[in-house]
1. Mind checking the dipole of region 102-151: about its Cα centre, +1 per Lys or Arg Cβ, -1 per Asp or Glu Cβ, Debye to the nearest 20?
2. Using helices alone, I'd like the mean residue ellipticity at 222 nm for the chain: each DSSP H run of four-plus residues gives -39500 (n - 2.57), total over residue count, nearest 500.
3. Full-extension gain between Gln17 and Arg195, please, as 0.36 nm times their residue separation minus the C-alpha to C-alpha distance.
4. Return one number: the angle in degrees, 0 to 90 and rounded to the nearest 10, between the long axis of the Cα atoms of helix 206-215 and the longest principal axis of the Cα atoms of the chain.
5. Helix 232-243 versus the longest principal axis of the chain: what angle, 0 to 90°, nearest 10, using Cα atoms?
6. Between Gln17, Gln117, Gln190, find the one with the highest GNM mean-square fluctuation for the chain; connect C-alpha pairs within less than 10 Å.
7. Only Cα pairs within less than 10 Å get springs; with that Gaussian network setup on the chain, which residue of Glu137, Glu207, Glu222 has the largest fluctuation?
8. Residue by residue through region 99-110, which ³J(HN,Hα) values in whole Hz follow from phi under the Karplus form 6.51 cos²θ - 1.76 cosθ + 1.60 (θ = phi - 60°), with glycine and proline marked x?
Amino acid sequence: MSPAYKTVMLTLLPEAQVRSAASPATAMAIAITRNFGGRLTIDFLSPQPAWIPYSLVTDMPGQMLAEQTRKLEAQAHASIDLAASAARQAGIDPEAQLISLDFLALVGRAALRAQLQDVVVVDAGGSSLRDEREIVEALLFRSGRPVIRVPATSPGNLPSKVLVAWDGSVPAVRAVREALPMLHQAGDVQIVTVRGEKDVSNIQPAEKLVGYLSAHGISASETVLTAARRNVADALRNHALDQGADLLVMGAYAHSRMQQAVLGGVTSELLNDSPIPLLLAH
């Protein structure tokens, strides 16, 4: 039996502009759910008024704040309805809800709800939240589940050409394992090793990963890149665009600093700016 994503979570966040059509992450979550015959959960995460951007609350009387809160809630329900309607048009009956808590509680709830999902899908950019990255990082590092971050330029389709960034690390191994359903249905899988940032002489070579994937019925090729000025993120971005890839799979790194997760450089750069959807696992 082929690997499959049977439980899919679409995490929506407040956005600076009201959408007239479903977001790229919505489209991808629906495509994944439909392709694998799964179940779709839609969570809209809405911080309570204390976390409304400062410019909205400065010198704002209580009545105006209440009105702004009602407006934000109406926008949240509109976003949920838009995503749920798109899902139903695809023959999927989603579970959808608005979760409104203070920001710290919201971050924890988001990670908790993601724990029993096979994959979490979220839009990249466009959010009106100052601390949007904190939610994404909680989904990634505190749920134990893979996260697909979908840029605004993506059509949200299932990927046909997938790049796997390989450095032999534990996060990279986990990312490959979590991406198996995507890799299995893709027509073109390429293992990419980047030389220039770290010593890769003592890792499991890409040819071993090719063999592992072959055992799962997945055919893959190998490519070695050299990172100019040791910038691995740029090398991966440029290669993804050159190859016409539509998904990049990679391990997510974090360093412990003052008991908080601090993202590794490549992870942080690609979370900020990836031209194609990014599947991350830690």
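1. On the way: 7 positive and 7 negative charges, 24 e Å.
Charge dipole of region 102-151: 120 debye, to the nearest 20.
2. Values: 9 runs with 114 residues, N = 282.
Taken over the chain, the calculation gives -12500 deg cm²/dmol.
3. Working: separation 178, 0.36 × 178 = 64.08 nm, distance 4.05 nm.
The span from Gln17 to Arg195 would gain 60.0 nm if fully extended.
4. 80 degrees
5. For 232-243 against the chain, the angle is about 80 degrees.
6. Gln17
7. Of the options given, Glu207 has the highest mean-square fluctuation.
8. 10, 10, 9, 5, 4, 5, 5, 5, 4, x, 5, 4
Any read-out appearing in this document is the output of simple, stated calculations on the displayed coordinates, not a laboratory observation. These numbers come from a predicted model, not from an experiment. Cβ coordinates were reconstructed from backbone atoms using ideal geometry, including for glycine residues, and neighbour counts include every protein chain displayed.
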